[in-house]
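The values are calculated or read from the model by the stated rules, or taken from the named source; none is laboratory data. This structure is a prediction, so every number in the text was calculated from the model and none was measured. Neighbour counts run over all protein chains shown; Cβ positions are idealised from the backbone, glycine included. Side chains are part of the model used for accessible areas, which takes the heavy atoms of the whole protein and leaves out ligands, DNA and RNA. Shrake-Rupley method; radii C 1.70, N 1.55, O 1.52, S 1.80 Å.
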Amino acid sequence: MVNDFNLQEYLSNGAERIVKDAIKASIKNPKESLFLAKFAKHTKKAKKIREEYNRNGQNIPIFLISSITSSCNLHCTGCYSRANHGCDDNDPINQLTAEEWEDIFRQAKDIGISFIVLAGGEPMLREDVIICASKFHEILFPIFTNGTMLNEDYLKLYDGNRNLVPILSIEGNKEVTDSRRGEGVYNNIVESMDLLKKNNIIFGASLTFTRENLSELLKDDFINQLKDYGCKVIFFIEYVPVSGERLDLAPGDIERELLSEAIENLRKKHEDMLFLSFPGDEKSSGGCLAAGRGFFHINSHGQAEPCPASPYSDINVKDTSLLEALNSNLFKSLRDGDLLLDNHDGGCVLFEHKEDVENIINK
């Protein structure tokens, strides 16, 4: 039963599993192994910080998703960020500065957040913010990038700061990737992977899965190909529809169960790789983890949102602290209510109940 479910223990155990598997995956990479050994100590300290807050009635999530820019150099089909007007081609106005992001990262460290995803738009357009992130070795920063902007400066930055882990988005084979991301993008991604591999930098791939393509992404040939390219981390990201017409592509319980079983098998078969899914099986995690239950999102303008797929906010971190943002009326209403625990057909529960979310905002 949900009432018997210990979310903090579930998430802490999950974080420890991630670090343990990451150490195993990097055993042949001395720089990475040394960093992860130190990072494991940081995660234990962060866990104690979160537990202390929890004893005082304040839940602190382990994960923060930061969209550090609304700009992108690609126009990918079905991009939720563009659909939610979180990404465009105009010059960004009133985006958070590098100094403001650095302050957010510092606050995150102080309250026990261990993982901060850097997203966008295209995050590698904000080298200034990524340099700020590199200073916080207590936090692991997966950088979800389209893989088209790697250069010598970034290679040096990643080599010197192992808490920065580039995660390159790829849709499958060349034909599928280029059809969604643009002609020539697949070759560009492979070239970037080759550079990262030659420079002995740990990196990963992000695979967006739907009802239609999951079986293809799980095929041995494709996983082995990514392994040959040098990928050490593979994220399976659940597709969230950007309109009601694409609900048919949203994964359901059958696909999630298939993925969960497949990941367990992949972990046994490829011990030198790390396999993760996001958001994961909501049933096993006691419901949706958005709104600060397990993670939350800050967009490029500073608005604190339940998750990237639910672009609603009633507070801005330009005007307040991360702790105050976690206790906003919207976040508290979602956590205290039963909406995040609701059964849904597939995709995002907040997307399916966006009118309810809007009603909370408009109260």
When every residue in the stretch 341-355 that is open to solvent by 70 Å² or more (accessible area, probe 1.4 Å) and either acidic (Asp, Glu) or not in a helix (DSSP H, G or I) (or both) is compared, the one modelled with the highest pLDDT is Glu355
Being farther than 22 Å from Pro142 by Cα, open to solvent by less than 50 Å² (accessible area, probe 1.4 Å) and within 20 Å of the chain's Cα centre (by Cα) narrows it down to one residue among Leu214, Leu226; which is it? Leu214
Can you tell me which residues in the stretch 213-229 are charged (D, E, K, R) and outside any helix (DSSP H, G or I)? Lys219
Let me spell it out: the conditions are (1) part of a strand (DSSP E or B); (2) small (Gly, Ala, Ser); (3) modelled with pLDDT under 80, and Ala304 meets all of them except one. Which number is the exception? (3)
Pairs, first under 12 Å from Asn29 (Cα atoms) in the stretch 186-200, second open to solvent by less than 70 Å² (accessible area, probe 1.4 Å) and in a loop (DSSP other than H, G, I, E, B), C-beta under 7 Å, six or more apart: Lys197/Gly230; Asn200/Asn29
Failed condition for Glu255, given (1) modelled with pLDDT of 85 or more; (2) under 21 Å from Arg211 (Cα atoms); (3) open to solvent by 50 Å² or more (accessible area, probe 1.4 Å); (4) of a type in the set (D, E, K, R), with all others met? (3)
Sole miss for Leu330 among (1) surrounded by 21 or more Cβ atoms within 10 Å (Cβ to Cβ); (2) in contact (Cβ under 8 Å) with a residue 40 or more places away in the chain is condition (2)
Any idea which of Lys156, Lys135 is in a helix (DSSP H, G or I), open to solvent by 10 Å² or more (accessible area, probe 1.4 Å) and basic (Lys, Arg)? Lys156
